[in-house]
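Only one structure is covered here, and it is reproduced in the block below.
The values are calculated or read from the model by the stated rules, or taken from the named source; none is laboratory data. Every value quoted in this text rests on a predicted model; they were computed, and no experiment measured them. So basically every Cβ, Gly included, is an ideal-geometry build from the backbone, and we count neighbours across all protein chains shown.
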């Protein structure tokens, strides 16, 4: 299973983290710090798999972002590369030519997409269309909820008067 | 806690609310959590899709952070495809913590295996993959189901998981292995997806090692990976070879040239994999050649890889009390050569081996002393802190077996040279003790020589009593000549086991 997902910029800023195993706060910062050091210093022509502290980490660079996923020893690295690519394509479809700025300002949507894609560290949705549909549905829910909240707050303020 | 108010019923608490609520609670966390679980229990049973999914989301969060007991919650009936998928995912984490729960939900999970919906199928197969890796025997009866999926499915994600399951099941049941090996080879031949190829190779190399044709096919595919330019495929090819190596060394030997070439690759991971493979190929007959090649690479490499190479040479050669070494003279000179490599940081290990070999192998002691001598006279080595331990071993060896030395005076000078002040005091102690041993040896030999000569002189004087002065004069001459020649222990070499030539 996938243990964690990290998105790190080329300057070492963390854009997204998702943990599928219990890691304490201290462990998390340690992982981020050390992995950033290892992955950001690797050249472009090297292979996308790194052995690190008994874990395997698969990473791929897209523009200015490194997408990293930590996996177990039995997992198939090429499969995980596919999963990373799948995620990037979903984001691309949703944002339309996604760039790092999109992810900075809409990180919550990046998280929705990731949650649709991976559950408990396993891929659970391999259709890009379905995920796009689900996120669109989520968006409309959010819009509807916002409207509701603004009208209900009136009701409540009136009810509590 | 108060009974659910109007507000609670109207608005389902979202995940954010739960998190905020938990953060505010400090002491009453468990009561808060149980209240939340009550809510979730109700929500899961509703038919409303959105409510259910939020409930599941909360459940997942709680499970991953707070490890709650979710056994009772699985009695809920979920029919909607979408929610079911998520439920399966959640349930699998639960099984890790509470294996009994697996028995409870088993029937429903098995039913899901027959589902025509690919999404449910992939989730369920994922769950079984994890379960089978922990307790394969219990899932053996499901093998026919998995076989059906193996042969019928086109979905690579699912197939990869099924292959992993069979990798766990096949060792338990040879008849199963026999049936499954053909479809696996079929996939290996036909698939276009590299991830699928790699998974097939891995499955064959771990659990189907007795099936020669399958292994040969896997070896062919590995070679294809190795010949690719893509560093990922190269790395995976080498990794596949290292999985095969224990039982099928021939596959590694077939690809020997590529493996050795990969020692030069830019990527450290690839270099390390090839180093492991090279060490796997080492045997009595080729150890000299391989070490030569490796030492050449070490000279050209950076610090880290150089020491990796030296470390693996040292550990492989000393395995099983130096099982693979037949020529210790060569090995001892190799140890000396390794110490001279600029990046070498393996002084301690070399020290252990020098002393170990010196004590075990009598015949190698002359060579050992020669190597030690060379190391001691080199002033440059004294400046390298990583080599100090090795110098200590060299000093000890030369002191202990000084009788094999060709030039003890030079040795003594080396042990007492001013640069030894760079050494730590524990090592200088060894140097001093060795210096005393060498000095003592020199003095003993000198005295013995003198005794021999005096014996000769007294022989001569007892014979030539008549012509005293001339005979005495002629008798004196040989002694003086000897003294002028200087002290040379080789004159007394007949008392030692082996004539030593430097």
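Examine region B:353-362 for a residue that is modelled with pLDDT of 90 or more and within 21 Å of the chain's Cα centre (by Cα), and state whether such a residue exists. So far as region B:353-362 goes, yes, one or more of its residues are modelled with pLDDT of 90 or more and within 21 Å of the chain's Cα centre (by Cα).
Checked against the criteria, residue B:184 counts as more than 14 Å from every other protein chain (Cβ to nearest Cβ), out of contact with any strand residue (DSSP E or B) (no Cβ under 9 Å at 6 or more places or on another chain), within 17 Å of residue A:79 (Cβ to Cβ) and surrounded by 17 or more Cβ atoms within 10 Å (Cβ to Cβ).
For region B:351-369, the tally of residues that are crowded, with 19+ Cβ neighbours inside 10 Å and over 16 Å from residue B:329 (Cβ atoms) stands at 1. Only one entry of B:384, B:407 meets the criterion of being in the same structural domain as residue B:328 (by TED's automatic domain parsing), more than 30 Å from the chain's Cα centre (by Cα) and surrounded by fewer than 22 Cβ atoms within 10 Å (Cβ to Cβ), and that entry is B:407.
Scanning region B:133-166 for residues that are away from every other protein chain (no Cβ under 12 Å), buried (at least 20 other Cβ atoms within 10 Å of the Cβ) and under 31 Å from the mean Cα position of the chain (by Cα) turns up B:162, B:166.
Of the residues making up region A:15-39, those that are touching a helix residue (DSSP H, G or I) at 6+ places or on another chain (Cβ under 8 Å) and away from chain B (no Cβ under 11 Å) are A:15, A:16, A:17.
Checked against (1) touching a helix residue (DSSP H, G or I) at 6+ places or on another chain (Cβ under 6 Å); (2) farther than 28 Å from residue B:193 by Cα; (3) within 14 Å of chain B (Cβ to nearest Cβ), residue A:103 meets all criteria but (3).
Yes or no, residue by residue, for (1) more than 23 Å from residue B:302 (Cα to Cα); (2) touching a helix residue (DSSP H, G or I) at 6+ places or on another chain (Cβ under 7 Å); (3) not assigned by TED's automatic domain parsing to the domain that holds residue B:430:
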position: B:321; (1), (2), (3): yes, no, no
position: B:325; (1), (2), (3): yes, yes, no
position: B:331; (1), (2), (3): yes, yes, no
position: B:334; (1), (2), (3): no, yes, no
position: B:338; (1), (2), (3): no, yes, no
position: B:350; (1), (2), (3): no, yes, no
position: B:390; (1), (2), (3): no, yes, no
position: B:398; (1), (2), (3): yes, yes, no
position: B:401; (1), (2), (3): yes, yes, no
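Considering A:82, A:77, the condition of being facing chain B (nearest Cβ under 9 Å) and either within 16 Å of the chain's Cα centre (by Cα) or over 28 Å from residue A:126 (Cβ atoms) (or both) is satisfied by A:82 alone. Does region A:85-96 hold any residues that are surrounded by fewer than 19 Cβ atoms within 10 Å (Cβ to Cβ) and away from chain B (no Cβ under 14 Å), and which are they? Selection gives A:88, A:89, A:92, A:93, A:95, A:96. For region A:119-130, state whether one or more residues are at pLDDT below 90 and under 26 Å from residue A:12 (Cβ atoms). Checking region A:119-130: at least one residue is at pLDDT below 90 and under 26 Å from residue A:12 (Cβ atoms).
Scoring residue A:21 on the criteria (1) part of a strand (DSSP E or B); (2) surrounded by fewer than 19 Cβ atoms within 10 Å (Cβ to Cβ); (3) touching a residue at least 24 places away in the same chain (Cβ under 8 Å) leaves a single failure, condition (1). Inside region B:303-324, residues that are surrounded by 16 or more Cβ atoms within 10 Å (Cβ to Cβ) and in a helix (DSSP H, G or I) make up a count of 11. The residues of region A:62-74 that are more than 12 Å from residue A:16 (Cα to Cα) and either away from every other protein chain (no Cβ under 14 Å) or touching a helix residue (DSSP H, G or I) at 6+ places or on another chain (Cβ under 9 Å) (or both), listed by number, are A:62, A:63, A:64, A:70, A:71, A:74.
For region A:120-161, the set of residues classified as over 11 Å from residue A:90 (Cβ atoms), outside any helix (DSSP H, G or I) and in contact with a helix residue (DSSP H, G or I) (Cβ under 9 Å, 6 or more places away or on another chain) consists of A:120, A:121, A:122, A:123, A:124, listed by residue number.
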